[in-house]
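The values are calculated or read from the model by the stated rules, or taken from the named source; none is laboratory data. Here the structure is a predicted model, which is why all the values come from computation and not from measurement. Glycine gets a Cβ as well: all are built from the backbone with ideal geometry, and neighbour counts include every protein chain shown.
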Amino acid sequence: MPPTASGAIVATSLVTAKGSAPWRGAELGAPMVIEDAGIAWSDGVITFVGPAEELRGTDPEVFQGCTIAPGFVDCHTHLPFAGWRADEFELRLAGRSYRDLHGEGGIYRSAQLFAEATDDEVMAFCRPLVAEMADHGTTAMELKTGYGLSVEGELRQARLARRLADEAPQATTVTLLACHAVPEAMEREDWVRMACTELIPAAAAEGLADAVDLYVEDIAFTLDDLRAVAEAAAAAGLPVRCHADQLGPSGAAEEAVKLGARSADHLNNVSNEGVRALGEGGTVGVLLPASTAFMRAVPPPVRTLVETGAAIALATDFNPGTSPVLSMPEAVATGCSLYGLTPLEALTAST
């Protein structure tokens, strides 16, 4: 062990992927496993990973019967928000669909709750949630706007996300979900134009966003809108992401790959062409099994995605209505039981 190490632990085993590139195909289920493993660190930086017998120069803390694994990366959440929509779950159980609730509830209801809350109230609501996420092992996460539904509202949410990120113990990024729903009393085309010419440039100029997102769906935005937002994001020096093929097939996954998007998320109804594109391209397919379970939706073709060589990630989709789940271990377990991932595949995809 390096002499500068300030601490060390040993455990029965250690499991981790290696390198920074996404693991694909068979690699996904074959992370590095070290039995009788040790890990050492100095000033918060890991300086040694390997067999425990190679740890020297310190008295490590021993965790017998435990496994060391990387912290979870929750790459798709909808924090910050204010208030819950738990009653919509019961309505869906009674036969209402997400489309049915889209106008009277869903995103619009969360936007109303967010608008009615003060900045301090939003922060007070979100702080314990972020702390609980850390308790469940989340060491890196994404925050997202999308409940502002106006230029100033989205910028306000982005500023609050930055405040939350500055306070959080996790490594955190902020995504500007510029096109989540069409603001009331506006035409879709007008909002997309405003998002591209006003919102995205303003967020970039203020340093409020690390990426830009858009919801492609028949009740939301189109592939043409995705192209326009991707162009505006690129002009602002930001990568693009998209909510793709959640409620129905839209062609969003394959378009995301063409545009060089950072990710295409949900993928419940991704087409065969979309699967092939993800397998060949650099866009990550983000899988959100908790959302699928809560919405009782059709699962994505996960085994086909893995076998095709798509880069995949698992996340919670933590939001106040369709996935009130902040626990990455729960997302991992649901990814195994509902999506058919092996535990090692799910661990790799979530870390």
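Descriptive notes on the structure:
- Residues (in contact with a Leu (Cβ under 7 Å, 6 or more places away or on another chain) and without any contact (Cβ under 8 Å) to a residue 40 or more places away in the chain) located in the range 1-32: none
- Options Thr316, Thr292, Thr351, Thr342; residue that is out of contact with any strand residue (DSSP E or B) (no Cβ under 9 Å at 6 or more places or on another chain) and of a type in the set (S, T, N, Q): Thr342
- Filtered residues of the range 12-40 (kept if buried (at least 18 other Cβ atoms within 10 Å of the Cβ), in contact with a Phe, Trp or Tyr (Cβ under 9 Å, 6 or more places away or on another chain) and assigned to a loop (DSSP other than H, G, I, E, B)): Ala17, Pro31
- Scanning the range 88-125 for residues that are among the aliphatic types (A, V, I, L, M), within 13 Å of Met295 (Cβ to Cβ) and either modelled with pLDDT of 90 or more or surrounded by fewer than 17 Cβ atoms within 10 Å (Cβ to Cβ) (or both) yields Leu91, Leu93.
- Criterion applied to Glu273, Glu330, Glu255 was being charged (D, E, K, R) and touching a Gly at 6+ places or on another chain (Cβ under 8 Å), and the one residue passing it is Glu273.
- With respect to the conditions (1) surrounded by fewer than 21 Cβ atoms within 10 Å (Cβ to Cβ); (2) within 18 Å of Thr342 (Cβ to Cβ), Gly279 lacks only one, and its number is (2).
- Taking the criterion of being out of contact with any Cys (no Cβ under 6 Å at 6 or more places or on another chain) and not in a loop (DSSP other than H, G, I, E, B), the residues of the range 1-11 that qualify are Gly7, Ala8, Ile9, Val10.
- Looking across the range 245-254, just one residue is touching a His at 6+ places or on another chain (Cβ under 9 Å), under 22 Å from Leu101 (Cα atoms), of a type outside the set (D, E, K, R) and surrounded by 24 or more Cβ atoms within 10 Å (Cβ to Cβ), and that is Gln246.
- Considering the range 69-116, the residues that are of a type in the set (Val, Ile, Thr) and in contact with a strand residue (DSSP E or B) (Cβ under 6 Å, 6 or more places away or on another chain) include one that is nearest to Ala264 (Cα to Cα), namely Thr77.
- Failed item, numbered, when Glu90 is tested on (1) closer than 21 Å to Pro183 by Cα; (2) part of a helix (DSSP H, G or I); (3) free of Cβ contacts under 8 Å to residues at least 12 places away in the same chain: (1)
- Any hit, the range 246-253, residues being closer than 22 Å to Thr292 by Cβ and part of a helix (DSSP H, G or I): yes
- Taken over the range 60-87, the criterion of being in contact (Cβ under 8 Å) with a residue 24 or more places away in the chain, of a type outside the set (A, V, I, L, M, F, W, C) and loosely packed, with under 13 Cβ neighbours inside 10 Å is satisfied by Glu61, Gln64, Gly65.
- Where a residue in the range 273-290 is farther than 15 Å from Ala244 by Cα and its partner, wherever it lies, is buried (at least 23 other Cβ atoms within 10 Å of the Cβ) and of a type in the set (Ser, Thr, Tyr), with Cβ under 8 Å and at least six apart: Ala290/Thr316; Ala290/Ser323; Ala290/Thr334
- Candidates Asp120, Asp100, filtered to the one that is farther than 27 Å from Gly248 by Cβ and of a type in the set (Asp, Glu): Asp120
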